[in-house]
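These notes concern the structure reproduced below.
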Amino acid sequence: IGCEDGSVKLFQVVPSGVQFEKNLDRQKGRILCLSWHPSGTHLAAGSIDCLRVLDVRSGRTVQRIMVNYHVPKPKKRECVVWSIAFLASGTVVTSDSFGRVQFWDWERGTLQESHTVSSTAVLSMAVSEHEDSIVVGTAAGATYQLQLLPLKTGGQEKRWVRTKPFQHHTHDVRAVVHSPTALISGGLDAQLVIRPLMEKVQRKSYEAALRRITFPHRRLVSCARRARLLLFQFSQHLELWRLGSTNGTGKDGEVLPVCRVPEHLLQLKSKGPEHIYCSCVSPCGSWVAYSTASRFHLYRVQHEGDSVSVKKVPGVPKLLLPAYQLQCASDSGRLFVASDRGSVHVLQLLEPGGCKHLHTLRPPTESREAVYLLAVSADGSWLAAVSGDWEVHVYSLKHFKHHCTVPVYSSAVTAIAIHPATNNLVIAYSDQQLFEFSIPEKQYTAWSRTVQNCGLHRVWLERDSPITHITFNPKNPAHILLHDLYMLCVLDKSLPLPDNSALLLNQSALRQLPEPARQRQLHAFKICKKFQ
């Protein structure tokens, strides 16, 4: 571990955790990055203006190299070594705030090669397993690959060459990984980008596609359906909006005139540095709750004509924090708080503005994982809870008892919802599979078994963005509404599932067909990517 005071501390990894062993040589300047030599005998440490090589056994600094010695004195400014790699050959690779990737002979203390790859800082670096390729990430959102290539075809002498620049990020690339078949990068734009190395993969396989995965994989908007309000969750504040409306009707794809514009009603700021972890608004729009890592807040919202007032509810029960998900009952009488160790707290919301702890629901066998998803039935009888071990537990809210457990699947759950008419639980998983489980009958439905037997469309399964929300069409019980970051889907259970030969996104093609042909080509998935 490299520290602010310039010390490097060595810890032994033991079965119970980590155990302090000794301090290595301490020198002036913060330690910003560390790298082991593959043999484990030496450590390279990056700092301000210099890098050091330490002998692990003696704890002594055996080499100190200044990384900005050739910068003229009047122009001299701090050079920050942001990342470092110690290769098996004895070469130390550094990336720094001057936009350089440099290769050093640590024993001689000399510079072998220097590549200025960017006008901004090079913040992150990763080396391939065979040490013949390096990927770096910059403060300008670019990633670069450097490869060790022979100077002449068939020759023995090799040089590092910057081969591929990629601009997939908008902000700092703070983390990179070099896998055998891809360059993986992540940064402040909350995107994970997997860029395949085409020479290492089959050209037309799934692995050959550029994959861009956006975070967070949780919904940050909750809806007060009866009050027509939306609550938006930002990192340190909440916004409550009233939905706009239209009197117009029109054809598919037409933009309707708005007779009432959306209205910003309220902004709630969270005190202190902690980010808001989860939030919700009750269906009636009268209650707003949110949690940070150490505090839980509940507010009573009063609507008087066009004006809105908000009052904090005092004496909220002391709960085990943080809350990982908040969900209100459809009658706005109860608030469910997802907590640690598989438990869910049930709070009763009292008029004119109070609450009390009713019960804590726990799984039949103790879980180490927190509950991160909740779904409550419209009739108030059932609650489904998903924990980090991917178990889905269903509880009876009439008896406050565990009702059943859905069979554990091999992927994480990304969204759940309970159908208001049938009390069937619809579950979306991270591998894009969809299941429907009958809560009263404690088994998968016939439609769900059909989906598993026939399989979902290849294009659907190859999507990278997980389903983050599921709901239902009140006018048609056969319709399941799903969405991810890029698309809204109406899944019509009354229509056949598409096979891989059919076009999944077939809406525009169907419009051009005569009615008999259109009926023959209809399938269950109706997907829209045009919403704003």
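For volume of the Cα convex hull per residue in Å³, the candidate list reads (1) 184; (2) 228; (3) 161; the entry that matches the value derived from this model is (2). How would segment 62-205 be classified by its alpha-carbon gyration tensor: rounded, prolate or oblate, with rounded meaning a/c under 1.5 and the a/b versus b/c comparison settling the rest? Here segment 62-205 falls in the oblate category. Label-to-label distance, E351 versus L151, with points set 7 angstrom from Cα along the beta-carbon direction: 8.8 nm. A 1.4 Å probe run over the chain, with the rest of the protein chains in place, finds 52 Å² accessible per residue. Here the label points at C259 and T181, each 7 Å from Cα along the C-beta direction, are separated by 5.6 nm in the simple model.
Let a ≥ b ≥ c be the square roots of the eigenvalues of the Cα gyration tensor of segment 313-356; is it rounded (a/c under 1.5), or, if not, prolate (a/b larger than b/c) or oblate? Verdict is oblate for segment 313-356. Summing charges over all other residues whose Cβ lies under 13 Å from the Cβ of T445, with Lys and Arg as +1 and Asp and Glu as -1, gives +1. Using the Cβ-Cβ distance between Q112 and L320 with R0 set to 51 Å, the FRET efficiency from 1/(1 + (r/R0)^6) comes to roughly 0.40.
With helices as the sole contributors, the chain gives -1000 deg cm²/dmol at 222 nm; each DSSP H run of n ≥ 4 counts as -39500 (n - 2.57), and the sum is divided by every residue.
Taking θ as phi - 60° and the Karplus parameters 6.51, -1.76 and 1.60, the scalar couplings of segment 271-276 work out to 7, x, x, 6, 7, 6 Hz in sequence order, x denoting glycine and proline.
Counting Lys and Arg as +1 and Asp and Glu as -1 over every other residue whose Cβ lies under 14 Å from the Cβ of V261, the net charge comes to +1. Normalising the average separation of contacting C-alpha pairs (under 8 angstrom, six or more residues apart) by the number of residues puts the relative contact order of the chain at 5 percent.
What's the local net charge at G29, with K and R +1, D and E -1, over the other residues with C-beta under 14 Å away? Spelling it out: positives minus negatives among the neighbours equals -1. Among the trypsin sites (Lys or Arg not before Pro) found in segment 351-413, those both in a DSSP coil and sparsely packed, with 15 or fewer other Cβ atoms within 10 Å of their Cβ, are R368, K398.
Here's how it looks for D96: its modeled amide H is under 5 Å from those of W82, V122, which are all 5 or more places away or on a different chain. Within segment 310-405, the GluC sites (Glu not before Pro) that combine a DSSP coil assignment with at most 16 other C-beta atoms in a 10 angstrom radius are E366, E369. In order along segment 486-497, phi translates into HN-Hα couplings of 10, 9, 10, 10, 9, 9, 9, 5, 7, 9, x, 6 Hz, rounded to whole numbers, per the Karplus curve 6.51 cos²θ - 1.76 cosθ + 1.60 with θ = phi - 60° and x for Gly and Pro.
With Cα atoms defining each centre, segment 100-171 and segment 305-341 are spaced 51 Å apart in the structure. Take the Cα of H275, step 7 Å toward its Cβ, do the same at S119, and the gap between the two points is 3.1 nm. Residues C223, C284, C355 ordered from highest to lowest accessible area at a 1.4 Å probe: C223, C284, C355.
The values are calculated or read from the model by the stated rules, or taken from the named source; none is laboratory data. Predicted, not measured: the structure shown is a model, and the values here were computed from it. Heads up, the Cβs are rebuilt from the backbone with ideal geometry, glycines too, and the neighbour counts pull from every protein chain shown. Accessible surface areas use protein heavy atoms only, side chains included; no ligands, DNA or RNA. Shrake-Rupley method; radii C 1.70, N 1.55, O 1.52, S 1.80 Å.
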